Amino acid sequence: MTGGRRAGGQPGGRAGAVLVRGSLLLWFLLPLVPLVLWAAAERWSAPAVLPQRWGTAGWSAAAEAGAAPAFARSLLLGAAVAAIATPAGALAARALAHGLVHRSRLVSALLLAPVALPPFAVVMGLNVLLLRARVPALVGVVAVLVVAALPYTTYVLRVAYAGYDTSYEEEARLLGATPRAVWWRVRLPLLAPALAGAAFLAFLVGWSDYIVTVLIGGGRLVTYPLLIASAASGVGNEAVVAVLSLTSLLPPLALLLLAGASGLRGRGGRGRPSPAAAAAPAREVVVR
Amino acid sequence: MTAALAVRNLGRDHGGGQAPALDGLNLDVPAGSCLALVGPSGSGKTTALRLVAGLEVPDRGDVLLDGRSVVALPPERRGVSMVFQRPLLFPHLDVLDNVAFSARVAGASRRAARAAAAPFLDLVQMGGYTTRRPGQLSGGQEQRVALARALAARPRVLLLDEAFTGLDVALREDMHELLHQLRAVLEPTVVLVTHDHAEAAALADSVAVLSGGRLLQHGDAGRIYTRPASVTVSRLLGGRNEVPGVVVGGEHRSALGRLRLPTDVAVPDGPAVLLVRQEAVVVTGPDAPGADAAGTVLAVRAAGARRALTVEVVSPGGAAVQVHAETSPGQVFTRGERVGLRLPSSAVSAVPPEDAGTEEPEIADRRTADAGRMPRTHRVASPAVPDAGVRPDAPGAPRRRNHHGDHGT
């Protein structure tokens, strides 16, 4: 790939780059093909290459299974996790980047620990504790997911804070901006791409979580991943699973497009982490 | 809009028992005039600027604008604008919104702020770039916009912190020209920090030389080059000629012979170093009438359109001294050639020597005493004063040449 880029001016190099891009796109899109087919299939048995009967039975079955409220619950859960983990991550990142923390290595290790520890092991003990402490299930789920999202928000924003030049704020003060105005007119806009990236990752943690919601929520909080999992565990639900899986891609996709669009508008600025770069680890979260 | 700036006994400590970043600085900048702060890195010139701007809090002293202390005021209420070495244009705003920033934070609507900003953009000849993003401009264009943005805040004092250092020579000269034009139109009080003494000479009405956090000399830009208060000041302003000798009755005696000192150079009888700018030394034929000394060309070096000559003069007593001179374009000299040197008496000056620390208590002039406490590196950078026979291949000599050559970068 590097070779193709280096030879960018030559026709052969360009063809190579196109080939690489094309196969990458194929790699991402190919797994979606059976899902799309299943979502529009009413009957598709083993030897057939394409479904034998087309229809929307999968969609109505998904709606009957409570897809809409589960979708809304997951949206809210993702939003809540993002709303808490992003500012909390920003505070942690700022403190770490500016050296305001003693033993900052230990603190960063602790903050990143939720990524390293298997969530299943941690949550199994936690659910008992939270039950005994009479923490409401919803609060418990949000709290644990915020902890799971903090490593991502902290990491993304720490990089942003490290590259953030406080001279801009000094310049703004000298142009007459009060500290408050500096916050709104300089710091927030300059950090906006990183904040958007961090919020996106935190949203994904809430949106795609299964284990925490099941164990801490005790099965009472039915989110979209729970619905998908329960449909997938049954037999003959392929169409429903396909419909749910496909629709579960929509919110992250919409957010990515939104971030991409605002990133394009703000292009021309230097030293700003692009939303695409910030979103790079997102896949890892989805997979998890 | 413009205000007189005064700095009284301003001091700022580094902490940790180090020497202060700035110590006892006193300066007066009349309204509408331009002061250049010149000095090597770490001399405290940027600290001085940041204290005036309010970006740092002084440990001692006061900053006065039109006679009123502003030390207690936050930076946004001082009416002081600053252009940094980097343009620092806000990347999320277009060019016109950048210039309109001060009006926006003052509460103007976006439309009104942009309307008020437009003339300032025209003033720096960037009127056609209103909707560009900062990343789409060249370095020189960005710095012009930064200047317009600073001026649009209608500052009482405009501070320039190495604002033109990052630009190439041609752009820098454009910016100098622009600053002259802006000063004629807006008459702001300007304090600029530079390590380039040529820039200071080109822009400022007065020049203050700082070293090691202390003010060594503050004087009229036209005179400070020919009347430096000490050898250190002469060096910091790029002066290369230091001829050791003795002053007797207003006359300097050295390997160059006897030279009459200007009447305004009051130096007591005794050891003294003769200072003369290399640009002021006139190179003539060896037997030309009016030559003050004759010597042999040791080295010829190109210095832009001019040539920098090193001439060795040997006295009848056998003492040798080197004199640096710059010749006009068209004059051709070769190594080993015999030449005459004329040192216009208005351009020469003499100051007490400042070599050994043991002499320090005897030196009456406090400025010179201060210079004696300079960091070691500066002392090493040029040969010790009493060593008359400074060779170009002596350890100190190339360093000084580098120092001189820095300004072209």
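Before moving on, here are some points about what is shown:
- Given (1) open to solvent by less than 30 Å² (accessible area, probe 1.4 Å); (2) aliphatic (A, V, I, L, M); (3) over 20 Å from residue B:240 (Cβ atoms), number of the condition residue B:341 does not satisfy: (3)
- Residue match in region B:39-49 (condition: within 13 Å of another protein chain (Cβ to nearest Cβ) and in a loop (DSSP other than H, G, I, E, B)): no
- Of all residues making up region B:155-174, the number that are within 17 Å of the chain's Cα centre (by Cα), within 20 Å of residue B:33 (Cα to Cα) and not aromatic (Phe, Trp, Tyr): 6
- Residue within region A:88-100 that is away from chain B (no Cβ under 12 Å) and within 25 Å of residue A:217 (Cβ to Cβ) present: yes
- Scope region A:107-130; condition over 16 Å from residue A:201 (Cβ atoms) and either in contact (Cβ under 8 Å) with a residue 40 or more places away in the chain or part of a loop (DSSP other than H, G, I, E, B) (or both); matching residues: A:108, A:117, A:118, A:120, A:123, A:124, A:126, A:127, A:130
- Looking only at region B:121-144, and only at residues there that are more than 12 Å from every other protein chain (Cβ to nearest Cβ) and among the hydrophobic types (A, V, I, L, M, F, W, C), the one that is most open to solvent (accessible area, probe 1.4 Å): B:123
- Checklist (1) more than 21 Å from residue B:197 (Cα to Cα); (2) touching a Pro at 6+ places or on another chain (Cβ under 8 Å) applied to residue B:110, failing item: (2)
- Among the residues of region B:117-146, just one is among the hydroxyl-bearing types (Ser, Thr, Tyr) and under 30 Å from the mean Cα position of the chain (by Cα), namely B:138.
- Every test in (1) on the phi < 0 side of the Ramachandran plot; (2) of a type in the set (Gly, Ala, Ser); (3) at pLDDT below 90 is passed by residue A:140 save one, and that test is (3).
- Listed conditions (1) among the charged types (D, E, K, R); (2) surrounded by 21 or more Cβ atoms within 10 Å (Cβ to Cβ); (3) at pLDDT below 90 are all met by residue A:209, apart from (3).
- Scan region A:212-224 for residues that are in a helix (DSSP H, G or I) and crowded, with 21+ Cβ neighbours inside 10 Å and the total you get is 4.
- In the set (1) at pLDDT below 95; (2) open to solvent by 20 Å² or more (accessible area, probe 1.4 Å); (3) part of a helix (DSSP H, G or I), residue A:134 fails one condition alone, (3).
- Residue B:172 meets each of the listed conditions (1) facing chain A (nearest Cβ under 8 Å); (2) among the basic types (Lys, Arg); (3) more than 28 Å from residue A:180 (Cβ to Cβ) apart from (1).
- Among residues of region A:61-79 that are under 14 Å from residue A:145 (Cα atoms), those with a Cβ under 6 angstrom from a residue that is hydrophobic (A, V, I, L, M, F, W, C), sequence gap 6+ or separate chain, pair up as A:74/A:207; A:78/A:203; A:78/A:207.
- Residues satisfying the stated conditions in region A:152-194, i.e. buried (at least 22 other Cβ atoms within 10 Å of the Cβ), away from every other protein chain (no Cβ under 12 Å) and either closer than 29 Å to residue B:149 by Cα or among the charged types (D, E, K, R) (or both): A:158, A:160, A:194
- Residue count for region A:92-103 under the criterion of being on the phi < 0 side of the Ramachandran plot, loosely packed, with under 14 Cβ neighbours inside 10 Å and free of Cβ contacts under 8 Å to residues at least 60 places away in the same chain: the result is 2.
Let's see how each residue does on (1) of a type in the set (Ser, Thr, Tyr); (2) within 27 Å of the chain's Cα centre (by Cα); (3) within 18 Å of residue A:205 (Cβ to Cβ); (4) open to solvent by 70 Å² or more (accessible area, probe 1.4 Å):
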position	(1), (2), (3), (4)
A:39	no, yes, no, no
A:51	no, no, no, no
A:75	no, yes, yes, no
A:105	no, yes, no, yes
A:150	no, yes, yes, no
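- Residues considered: A:187, A:173, A:158. Of these, the only one that is of a type in the set (D, E, K, R) and in contact (Cβ under 8 Å) with a residue 24 or more places away in the chain is A:158.
- Residues located in region B:338-352, provided they are among the hydrophobic types (A, V, I, L, M, F, W, C) and either in a strand (DSSP E or B) or at positive phi (or both): B:339, B:341, B:348, B:350, B:351
- If the condition is being touching a strand residue (DSSP E or B) at 6+ places or on another chain (Cβ under 6 Å) and of a type in the set (Ser, Thr, Tyr), then region B:196-225 contributes only B:206.
- Check on residue A:235, surrounded by fewer than 20 Cβ atoms within 10 Å (Cβ to Cβ), out of contact with any strand residue (DSSP E or B) (no Cβ under 8 Å at 6 or more places or on another chain), among the hydrophobic types (A, V, I, L, M, F, W, C) and more than 25 Å from residue A:128 (Cβ to Cβ): yes
- Pick from region A:34-64, criterion assigned to a helix (DSSP H, G or I) and touching a Phe, Trp or Tyr at 6+ places or on another chain (Cβ under 8 Å), ranking: farthest from residue A:232 (Cα to Cα): A:37
- Those strands (runs of 3 or more DSSP E) of region B:240-337 in which 3 or more residues are in contact with a Pro (Cβ under 7 Å, 6 or more places away or on another chain), modelled with pLDDT of 90 or more and open to solvent by 30 Å² or more (accessible area, probe 1.4 Å) are absent.
- Verdict on residue B:50 being among the charged types (D, E, K, R) and touching a Leu at 6+ places or on another chain (Cβ under 7 Å): no
- Count - residues of region B:54-87 that are at the interface with chain A (Cβ under 10 Å from one of its Cβ atoms), open to solvent by 10 Å² or more (accessible area, probe 1.4 Å) and touching a Pro at 6+ places or on another chain (Cβ under 9 Å): 6
- Number of residues in region A:223-232 that are among the hydrophobic types (A, V, I, L, M, F, W, C) and either under 17 Å from residue A:128 (Cα atoms) or at pLDDT 90 or above (or both): the value is 4.
- Taken as a whole, the structure leaves residue A:143 outside the set of residues that are within 14 Å of another protein chain (Cβ to nearest Cβ) and either over 12 Å from residue A:198 (Cα atoms) or within 20 Å of the chain's Cα centre (by Cα) (or both).
The values are calculated or read from the model by the stated rules, or taken from the named source; none is laboratory data. As the structure is a prediction and not an experimental result, all values here were calculated from the model. Glycine gets a Cβ as well: all are built from the backbone with ideal geometry, and neighbour counts include every protein chain shown. Remember, those area values only see protein heavy atoms, side chains included, never the ligands or the DNA or RNA. Shrake-Rupley method; radii C 1.70, N 1.55, O 1.52, S 1.80 Å.
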